[in-house]
Amino acid sequence: MNSASKDLSLANCTPKLGLKQRNTLGIESYAEQAMVISKSEQIPSLLQNIKAHGLPWQVLGGGSNVVLPSALPGVTLLIDIAGKEVISSDETETLIRVGAGEPWHDFVQWTLAQGFPGMENLALIPGTVGASPIQNIGAYGSEVAHFIECVEAFDTQTQKFVTLNKSECQFAYRDSHFKQHPGRFIITQVIFKLPKVWSAKLSYAELAKQFANQTPTPQEIFNAVCAIRSSKLPDPQVLGNAGSFFQNPIVSELQYIELAKQYPAIVSFPDAAGQRKLAAGWLIDQCGFKGKRLGPVGVYDKQALVLVNYGGGSAQDILGLAKQIQDKVYETFGVQLQIEPNIL
Ligand code: EPU
């Protein structure tokens, strides 16, 4: 039986599959049993088999936003569902259905090549299309929620395939219904809606500066975003990392005013009414962590929000450093940092 057939038995699993190349932090880890899922229809029977054997299971996508333990117990589902299909395109919008296993950056590049701009500010984000709604990936003044029409998933609670429309996805800053219900949904396809009317998003200060008094094309913005990202964030192929390790914390306007009195240089952004988003990178930087090393792991020297694995670092090493940072930032500013990646 090949992996594309509908019924997958546990006998088709790959035992002890190494995951070091499948997580961007480069943690040495393995899956006790791994199964590549290339078609949505394979999911129900496989989960039934897993359940019948009383095994735990989890999903691994691009591995760019996870902290893996040294061994993942039970069965690890590697989502490899491919496909990019233009469902419709008229004068106002284009709808595209994309398999969860497609690499995010390649998809963004493909949309531009097809003449469907809009997502250029989200270039070069590691990971897969299927993972993009979970933490509502965002960068340079844009987030994926702006472009999602609906998400197709297998609901492991009801054992049914479901389609969640945008409001049901409950997108918020680095958050969604999927993130709020870990393990419940296996995302299989995402449907994107790209409006035909395009305008450049230049709210991010560095983009605004670069294109002052210019009208850049989507491709020029794409190139600029790739350049900014590469200058600030380490390439996971070279230095293990999971992007921002903490969310930018949201505090009350009142707490912000108090902090700003004490720290006039504090970096913050307006948020919902009565709230303020603080730059976690700035807080961590002020605590002196930038470039600091703790055994095999450390804080990236160009961006304090990024933890890196120099090689041989484990989940304990990374989480130990994260705890030191959280404690120091709390002690200094009274602000609790939340870890962004999923800890499996
Ligand atoms: N800053 C410092 N020191 C640092 C890092 C940042 O002072 O070491 C200051 C910067 O000077 C700047 C501010 O903090 O004034 C914000 O920094 P930056 O523009 O680099 O963005 P960020 O808030 O650190 C967020 C996202 C990134 C995204 C960028 C660009 C989160 C948690 N992170 O980072 O997303 O690429 O904005 O939009 O929201 C990710 O989620 O993995 C990620 C990389």
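Only residues that are aliphatic (A, V, I, L, M), open to solvent by 30 Å² or more (accessible area, probe 1.4 Å) and either under 25 Å from Tyr310 (Cβ atoms) or in contact with a Leu (Cβ under 6 Å, 6 or more places away or on another chain) (or both): list them for region 23-55, please.
Taking region 23-55 as the starting set, the residues that turn out to be aliphatic (A, V, I, L, M) are 25, 27, 31, 34-37, 43, 46-47, 50, 52, 55.
Filter again for open to solvent by 30 Å² or more (accessible area, probe 1.4 Å), leaving 36, 52, 55.
Of everything in region 23-55, just one residue is aliphatic (A, V, I, L, M), open to solvent by 30 Å² or more (accessible area, probe 1.4 Å) and either under 25 Å from Tyr310 (Cβ atoms) or in contact with a Leu (Cβ under 6 Å, 6 or more places away or on another chain) (or both), namely Val36.
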Checklist entry - List pairs: first in region 166-185 and free of Cβ contacts under 8 Å to residues at least 24 places away in the same chain, second open to solvent by less than 50 Å² (accessible area, probe 1.4 Å) and within 16 Å of the ligand (Cβ to nearest atom), Cβ under 8 Å, 6+ apart or cross-chain? => result Lys166/Ala145; Gln170/Ser176
Checklist outcome for this item: In region 180-207, anything in a helix (DSSP H, G or I) and open to solvent by 50 Å² or more (accessible area, probe 1.4 Å) is listed as Gln180, Ala205, Glu206
Item to check | Residues of region 199-234 satisfying the condition of being of a type in the set (Asp, Glu) and over 23 Å from Ser268 (Cβ atoms) | outcome: Glu220
Checklist entry - Checking Pro117 against (1) open to solvent by less than 40 Å² (accessible area, probe 1.4 Å); (2) in contact with a strand residue (DSSP E or B) (Cβ under 9 Å, 6 or more places away or on another chain); (3) away from the ligand (no atom under 16 Å from the Cβ); (4) not in a loop (DSSP other than H, G, I, E, B), which test does it fail? => result (4)
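I'd like to check something: does region 283-305 contain any residue that is modelled with pLDDT under 95 and either surrounded by 16 or more Cβ atoms within 10 Å (Cβ to Cβ) or within 16 Å of the ligand (Cβ to nearest atom) (or both)?
No, the conditions are met nowhere in region 283-305.
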Item to check | Residue match in region 43-53 (condition: in contact with a Gly (Cβ under 9 Å, 6 or more places away or on another chain) and in contact (Cβ under 8 Å) with a residue 40 or more places away in the chain) | outcome: yes
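So which residues in region 129-148 are within 21 Å of Asn165 (Cβ to Cβ) and assigned to a strand (DSSP E or B), if there are any at all?
Selection gives Gly138, Ser142, Glu143, Ile148.
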Next on the checklist: It is to be established whether one or more residues within region 56-63 are surrounded by 18 or more Cβ atoms within 10 Å (Cβ to Cβ) and more than 20 Å from the chain's Cα centre (by Cα).
Outcome noted: yes
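The values are calculated or read from the model by the stated rules, or taken from the named source; none is laboratory data. Everything numeric in this text was worked out from a predicted model, so none of it was measured. Cβ coordinates were reconstructed from backbone atoms using ideal geometry, including for glycine residues, and neighbour counts include every protein chain displayed. Just so you know, the surface numbers come from the protein's heavy atoms only, side chains and all, with ligands and any DNA or RNA stripped out. Shrake-Rupley method; radii C 1.70, N 1.55, O 1.52, S 1.80 Å.
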